[in-house]
Amino acid sequence: MPRLNRKDEHIIIRLKQKPSLADFSDIHFVHNCLPEIDLDEVTLETSLLGMELRSPLFINALTGGTPLSKRINAALAGVARECGLPMAVGSQMAALENPLVEDTFKVVREVYPEGLIWANLGSYATPELAQRAIEMIDAAALQIHLNVPQELAMKEGDCRFRGTLQRIKAIAAAAAIPVIVKEVGFGIAREQARLLIEAGAAAIDVSGRGGTNFLAIEGRRSRRRLSPEILSWGLPTAFSLVETLDAAAGKTRVIAAGGMFSSLNIAKALAMGADAVGIAGHPLYLLLKQGRRALVRAIKKLEQELRLIMLMTGSSTLEELRRAPLVIAGFTGDWMKQRNITLAEHR
Ligand code: FNR
């Protein structure tokens, strides 16, 4: 069963790669020496697509379909429950093809009965498959992933990309829950974000370059040597975020993801206008290398530091954080100038 082996191989190879962070170093907060807020007033509460959240963080799509992934999904669901975060499962195609592995996804609902669990499928899905994936885990939202570079680098990759937008449109029209369109680490640019919004995406998860690199993972799996310039393909998360915020124009939700496991990156993305932040590769790495408790501690630390940063910008809510002054310099500033993007209208 190639799909099942592939899922485990992704995890094993991901663990060999040191987790990396997206580069948000061009984006600067301006310290506020007079915040006039007490730390215990600072709240991370927010809402996304009708879901009330106690924090803007969520565990992004990772896995399912194999005995190893069942154990990982159960542990991640336990962590998500303890931290009160939504959690997306990995692509459910394996279970739609083979109902015998449905339990590797359903375990998330068993461990986290009251949780906001998000379904996940590739853009090859049909409305009928999407409905089955949603029902399988009683999902609150459905993620549809786009992963062209990964398919191109996979030896068994499906390189037929025609009709993707039309399929997304059909799924979004039929789904009774919000559809989030996401990348897997190569980012989403303004032009495609606009098309996805027109097709009915309720939110866009940019999953840009800087964290998990599926070209590197697939290159290693297939033992094909990809040249370094191909390996670094993709829109960095910060660029992808400004591009997608521009397309969304405050009307569609935007999720920052791709190397976001840093309180400062998270705060910057939220201040730029992101509505939520997804984390995937780092949580997986911490869970498998250091255990569940270490992952819970790391997530709580991210949240506590986010509160400190909010206070130091004079913000007691995420809405106020969006109004905190930001300076965007360097390459990111140049990129925005050349692409004619100003964040002012989107924050
Ligand atoms: C992923 N990701 C992913 N995304 C998706 O939509 N469906 C999937 O099945 C998977 N599978 C998967 C497996 C593994 C091992 C990893 C590390 C990642 C992509 C993930 O949800 C996210 O978009 C990217 O990994 C970028 O975020 P990080 O990892 O840099 O935080």
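The values are calculated or read from the model by the stated rules, or taken from the named source; none is laboratory data. Note that the coordinates shown come from a computational prediction; the quantities given were computed from them, not determined experimentally. With ideal geometry, Cβ positions are generated from the backbone for all residues, glycine too; neighbour counts draw on all protein chains shown. Quick note on the areas: whole protein, heavy atoms, side chains included, nothing else; ligands and nucleic acids left out. Shrake-Rupley method; radii C 1.70, N 1.55, O 1.52, S 1.80 Å.
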Which of ASN98, ILE144, GLY281, positive extreme of dipole for the chain (C-beta unit charges): ASN98
Stokes-Einstein D for segment 202-246 at 20 °C, 1.002 mPa s, Kirkwood Rh over Cα pairs, in µm²/s? 183
Over the Cα atoms, compute the radius of gyration (one decimal) and Dmax (the largest Cα-Cα distance, rounded to a whole number) for the chain, in Å. 19.0, 60
Using the crude model of +1 on Lys and Arg Cβ and -1 on Asp and Glu Cβ, and no other charge, please compute the dipole size for segment 178-273 relative to its Cα centre, in debye to 20. 380
What accessible area per residue, rounded to a whole number of Å², is obtained for the chain using a probe radius of 1.4 Å? 43
With only helices counted (DSSP H, runs n ≥ 4, each -39500 (n - 2.57)), the per-residue ellipticity at 222 nm for the chain, to the nearest 500, works out to -14000 deg cm²/dmol
Under a point-charge model restricted to the Cβ atoms of Lys and Arg (+1) and Asp and Glu (-1), what is the dipole moment magnitude of the chain relative to its Cα centre, in debye to the nearest 20? 1300
With a bin width of 10 angstrom, please list the P(r) values of segment 58-161 as percents of all Cα-Cα pairs, from the 0 bin to the one holding the largest distance. 16, 49, 29, 6, 0
Here the FRET efficiency for GLN338 versus LEU195, based on Cβ atoms and R0 = 30 Å and rounded to 0.05, is 0.90
Looking only at lysines whose Cα falls under 30 Å of LYS337's and that sit 8 or more positions away or on another chain, we get LYS182, LYS251, LYS268
What distance in nm separates the simple spin-label points at SER47 and CYS33, each placed 7 Å from Cα in the Cβ direction? 3.9
Segment 166-309: C-alpha pair distances exceeding 19 Å, %: 57
Dipole of segment 68-134, Cα-centred, from +1 at each Lys and Arg C-beta and -1 at each Asp and Glu C-beta, to the nearest 20 debye? 100
Quick shape check on segment 283-344: root eigenvalues a ≥ b ≥ c of the Cα gyration tensor, a/c under 1.5 is rounded, otherwise prolate if a/b tops b/c, else oblate, and it reads oblate
Square roots of 5 times each gyration tensor eigenvalue, C-alpha, segment 1-96, largest first, Å: 35, 19, 12
Of VAL181, PHE261, LEU231, which is farthest along the charge dipole of the chain in the positive direction, counting Lys and Arg as +1 and Asp and Glu as -1 at C-beta? LEU231
Return the whole-Å distance between the Cα centroid of segment 50-109 and the Cα centroid of segment 126-162. 15
If all Cα-Cα distances of segment 1-51 are sorted into 5 Å bins from 0 onward, what percent lands in each bin, rounded to whole numbers? 4, 10, 9, 9, 11, 14, 15, 10, 8, 5, 3, 1, 0
